[in-house]
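Below you'll find the structure I mean.
The values are calculated or read from the model by the stated rules, or taken from the named source; none is laboratory data. Keep in mind that this is a model prediction, so the values were computed, not measured. Ideal geometry is used to build each Cβ from the backbone, glycine not excepted, and the neighbour counts take in all protein chains shown. Ligands, DNA and RNA are excluded from the accessible area calculation, which covers all protein heavy atoms including side chains. Shrake-Rupley method; radii C 1.70, N 1.55, O 1.52, S 1.80 Å.
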Amino acid sequence: MSNQECIFCKIANGEIPSSTVYENSDFKVILDIAPAAKGHCLIIPREHFKDIYEIDADTAGKLFSLATEVARALKQELQCDGLNIIQNNGAAAGQTVNHVHLHLIPRFEGDDVTVTWNPKESNGQELSELAKALRKRI
Ligand code: AMP
Ligand code: ZN
């Protein structure tokens, strides 16, 4: 089902043009219009899922399976030194388009891309309590 207000639904059904890298019945892979680096790709499911909480496990599995193929194509074509795969959920995490998608960002030694965080100290007991609580939910 598509969402009439959604820019990625419009891209997926061809209403808005995009630089299409690959498409099949489930997904469209496009080049990001404001790339973090050369070759920055977006993998977009054709169906409108807002985020990771909405997408079903089968489609999510296919999404990551396709990511392995796009990653290999990027590495072969661009000879990138590395590759980040990023998927943002919620404004707090930087999601700006509310249609789930995967970013594939080729990385080059010395580039100016920042995909990082400040590591905090951890406490063994807190880690094990939290792991136990989460385990119960999976
Ligand atoms: P996110 O912040 O994870 O929601 O990522 C949304 C991404 O979509 C950003 O990297 C945008 O540059 C990209 N984007 C937005 N509009 C378009 C468009 N029309 N074509 C290609 N990429 C787009
Ligand atoms: Zn959509």
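Once every DSSP H run of n ≥ 4 in the chain is given -39500 (n - 2.57) and the sum is divided by its residues, what mean residue ellipticity at 222 nm do you get, rounded to the nearest 500 deg cm²/dmol?
Values: 3 runs with 42 residues, N = 138.
Using -39500 (n - 2.57) per qualifying helix, the result is -10000 deg cm²/dmol.
A further question on this structure: Longest span of the chain, sites excluded, free of chymotrypsin sites (Phe, Trp or Tyr not before Pro) in DSSP loop with at most 11 other C-beta atoms within 10 Å?
On the way: sites that count: 53, 117.
Looking at the chain, 54-116 is the longest stretch - no exposed chymotrypsin sites (Phe, Trp or Tyr not before Pro) with at most 11 other Cβ atoms within 10 Å.
If you project the alpha carbons of the chain onto the principal axes, what extent comes out on each, in Å, largest first?
Extents along the principal axes, in whole Å: 52, 40, 25.
Same structure again: Would you mind checking 50/136; 62/132; 10/38; 28/136 for any pair whose Cα atoms are more than 27 angstrom apart?
Pairs exceeding 27 Å: 62/132; 28/136.
What Kirkwood hydrodynamic radius do you get for region 9-80 when you take the inverse of the mean 1/r over all pairs of distinct Cα atoms, in Å? Can you show the working numbers first?
Working: mean 1/r = 0.0774 Å⁻¹.
Taking the inverse mean of 1/r over all distinct Cα pairs, region 9-80 comes out at 12.9 Å.
Of the candidates 55, 16, 85, which one comes out as most mobile in a Gaussian network treatment of the chain with C-alpha springs shorter than 10 Å?
With Cα springs under 10 Å in the chain, the top fluctuation among 55, 16, 85 is at 16.
Ranked from the most accessible area to the least, with a 1.4 Å probe and all protein chains present, what is the order of 48, 99? Please report the intermediate quantities before stating the final value.
On the way: 48 40, 99 0 Å².
If we order 48, 99 from most to least accessible, we get 48, 99.
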